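Student: Have a look at this one.
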Amino acid sequence: MIPTWRLRAAFARRLSDMYGKEVPAYTTLLEVSAHVNDEVIGRGGDAGRLGGIARVTAERHGAIRVGTPREMRQAAQIFAALGMAPVGFYDLREAAPSAVPVVSTAFRPVDAEELERNPFRVFTSLLATADRRFFDAELQGRLEGFLGRRELFPPALLELAAAAERDGGLDEQRAERFLALAVAAFELSPEPVDRAWYTELERISAVAADVGGVASTHINHLTPRVLDIDELYRRMAHRGITMIDRIQGPPRWDGPDVLLRQTSFRALAEPRRFRERDGSIGEGTLRVRFGEVEARGAALTRAGRALYDELVGEPAERWAARFPRTERRLAIESLAYFRFEPAVDRPRDGSRPPDDLAGLLDGGWLSACPIVYEDFLPRSAAGIFQSNLADEGAHDAFATGAHYDQDWLSGVLERPVHDPFDLYAAQQDSSLRQARQGLGLPKDAL
Ligand code: OOG
Ligand code: NI
């Protein structure tokens, strides 16, 4: 039996091999990331606190885009077979600075132990076909008709996925078949693209064309994790790969790393076949796949996130002035999540531990290790979409948007969509209870 986590690790590895063959610049990104990571680890310091080198080296997130609730539910089934559950609801139609007609979630492992084994995640977006700001009723009808006729995931793949979810894995032979079918479902299709239909959708939104203008889905980027993203950015430029003009997320500074910093290179023009109006097959190119890289820091609480959201658009000096410069302050002010452990090296001097977090940390009773942010940022996500679109498209900002929310998405997926804050809080709380018990304190603070 190949258990769930090994299916996930094998899937992530095979997808990476496939993407490297299809998008050679991705391989350059992997090489440069690996060099930077080796150097950072080699310098010593505390890089390992945000994840061991084995985890960070294997770590990737991918992104796919689908067109219908049914396709979204099927994707959820495939990811469930890999131990990846939907976490978070992202409405990129509202995300500043640009509107993209999708709502999204991230499929990822939720337990700390599973994340440590392999943290593979896939940011999955659903085209908002009912949103009148983008699609009028007539186009919505044709778009949904087109999407309803296509099949992204073959029945054999979905059956194997359901069996893998039910049994917690697959025997070797069926695992092999499942992995081969799953990777194939995310490859770029050689099918000719209908030029007139693609162009019509592209005029509204390049994302609509990417999702609804072709008969299959594809991984549109696969992102490695790097321990020093500023250094990586410089080196990619050195290798002649033009990156977007900035690193998104918190600014570089000498305080704690928080949330997520990302940058990318723009999608490259790739040769594709097109079906022309007269039925003939012609050649052309599409820019749909790009390269992204990211650095991860501590997960923030709701209060920490509110502070981040307030400061993110501001100049770096404002950030430096307002954002806590030490992990201790992030912990004591409940702005970030930590895993607490009783300190092993504290000399026994006969004193009793105090009953407050500040006292426990300052007295050396507890150690605190930041919990890594495993999710995404809507503003960066919208920026990533936008940086790869040729133009803004045409949407009517005054029409009313269709309503989509987390409950609606749970209904579509027939699975609960987890709240990321709840997941981090549960990890922190259980570590604190255990640590307090270990120190002989009542489980809960007074
Ligand atoms: C997904 C963009 C979101 C990220 O890292 O924020 C994303 C997409 O382009 O489909 O992957
Ligand atoms: Ni991404």
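Read the figures in this text as sums done on the coordinates, not as results from a lab. Model, not experiment: these values are computed from the prediction. Every residue, glycine as well, gets a Cβ built from its backbone with ideal geometry; the counts of neighbours run over all protein chains shown.
Student: Please quote Rg/Rh for the chain to two decimal places, taking the Kirkwood radius as Rh and restricting both calculations to Cα atoms.
Tutor: 0.99
Student: Non-local amide H neighbours of LEU260 (under 5 Å, H modeled in plane, Pro and chain starts lacking H): which ones?
Tutor: Counting only residues 5 or more places away or on other chains, the set is GLY297.
Student: Could you give each residue of segment 18-31 its phi-based ³J(HN,Hα) in whole Hz, using Karplus coefficients 6.51, -1.76, 1.60 with θ = phi - 60°, and x for Gly or Pro?
Tutor: Taking θ as phi minus 60°, the curve returns 4, 5, x, 6, 7, 10, x, 4, 4, 5, 4, 4, 5, 4 Hz for segment 18-31.
Student: Further, regarding this structure: Sorted from fewest to most neighbouring beta carbons within 10 Å, what does the list THR129, THR199, THR57 look like?
Tutor: With the fewest neighbours first, THR129, THR199, THR57 line up as THR199, THR57, THR129.
Student: Moving on to the next point. What does the convex hull of the Cα atoms come to per residue for segment 113-236, in Å³?
Tutor: Considering the Cα atoms of segment 113-236, their hull volume per residue is 196 Å³.
Student: What ranking do TRP365, TRP253 get, fewest neighbouring Cβ atoms within 10 angstrom at the top? Don't skip to the answer; put the middle values down first.
Tutor: Details: TRP365 21, TRP253 13.
Result, fewest neighbours first: TRP253, TRP365.
Student: Further, regarding this structure: How would you rank 332-341, 162-171, highest first, on the average number of other Cβ atoms within 10 Å across their residues? List each step's numbers first, then the result.
Tutor: On the way: 332-341: 20.4, 162-171: 16.3.
So the order, starting with the most tightly packed, is 332-341, 162-171.
Student: Averaged over every viewing direction, what's the projected area of the C-alpha convex hull for segment 181-221? Give it in nm², one decimal, please. Each step should come with its number before you reach the end.
Tutor: On the way: hull surface 11.9 nm².
Averaging across all directions leaves 3.0 nm² for the Cα convex hull.
Student: Let me ask something else. Let me know the charge dipole size of the chain about its Cα centre in debye, to the nearest 20, where only the beta-carbon of Lys, Arg (+1) and Asp, Glu (-1) is charged.
Tutor: 480
Student: For segment 1-78 and segment 172-201, write down the distance between their C-alpha centroids in whole Å.
Tutor: 19
Student: On to the next question. Evaluated at 4 °C with a viscosity of 1.567 mPa s, what Stokes-Einstein diffusion coefficient in µm²/s does segment 312-386 have when Rh comes from the Kirkwood expression over alpha-carbon pairs? Before the final figure, lay out each step's value.
Tutor: Numbers: Rh = 15.2 Å.
The estimated diffusion coefficient comes to 85 µm²/s.
Student: With a 10 Å Cβ neighbour count serving as the proxy for reagent exposure, in which order, fewest first, do HIS221, HIS403 appear?
Tutor: HIS403, HIS221
Student: Working from the alpha-carbon coordinates of segment 26-130, get Rg over Rh, Rh being the Kirkwood radius.
Tutor: Ratio value, two decimals: 1.06.
Student: Within segment 252-299, which GluC sites (Glu not before Pro) sit in a loop by DSSP and count at most 14 neighbouring Cβ atoms inside 10 Å?
Tutor: GLU276
Student: Whose amide H sits under 5 Å from the amide H of HIS418, counting only residues 5 or more places off or on another chain, with H placed in the peptide plane?
Tutor: VAL87, GLY88
Student: Here is a further query. With θ set to phi - 60°, apply the Karplus curve 6.51 cos²θ - 1.76 cosθ + 1.60 along segment 77-94 and write out the HN-Hα couplings as whole Hz, x wherever there is a Gly or Pro.
Tutor: 5, 5, 5, 4, 5, 9, x, 10, 10, x, 10, x, 10, 10, 9, 7, 5, 9
Student: Continuing with the same structure: Using only Cα atoms, locate the centre of segment 236-262 and the centre of segment 275-293, then give the distance between them in Å, rounded to an integer.
Tutor: Each part's Cα centre sits 30 Å from the other's.
Student: From the phi angles alone, apply the Karplus equation (6.51, -1.76, 1.60; θ = phi - 60°) to segment 260-275 and give each ³J(HN,Hα) in whole Hz, x where the residue is Gly or Pro.
Tutor: 8, 10, 9, 8, 8, 9, 5, 4, 8, 5, 10, x, 9, 9, 10, 9
Student: Per DSSP H run of n ≥ 4, the term is -39500 (n - 2.57); total these for the chain, divide by its residue number, and report the mean residue ellipticity at 222 nm rounded to 500 deg cm²/dmol. Mind dumping the intermediate values first?
Tutor: Details: 18 runs with 196 residues, N = 446.
Result for the chain, helices only: -13500 deg cm²/dmol.
Student: OK, next. Using the alpha-carbon atoms, what tilt in degrees (0 to 90, nearest 10) does helix 378-387 show relative to the longest principal axis of the chain?
Tutor: Value to nearest ten degrees: 40.
Student: Let me check against my output: what whole-number percent is the relative contact order of segment 1-89, with C-alpha pairs under 8 Å and at least 6 apart?
Tutor: On the way: 23 pairs, mean separation 36.0, N = 89.
Normalised by residue count, the contact order of segment 1-89 is 40 percent.
Student: GNM on the chain, C-alpha springs below 10 Å: top fluctuator among GLY212, GLY350, GLY359?
Tutor: Looking only at GLY212, GLY350, GLY359, the largest GNM fluctuation is found for GLY350.
Student: Moving on to the next point. What does the charge count near ARG235 come to, summing +1 for each Lys or Arg and -1 for each Asp or Glu among other residues with Cβ under 12 Å from its Cβ? Don't skip to the answer; put the middle values down first.
Tutor: Working: positive: ARG234, ARG239; negative: GLU31, GLU39, ASP228, ASP230, GLU231.
Spelling it out: positives minus negatives among the neighbours equals -3.
Student: Regarding segment 250-334, what is the average projected area of its C-alpha convex hull, in nm²?
Tutor: Orientation-averaged projected area of the Cα hull: 8.3 nm².
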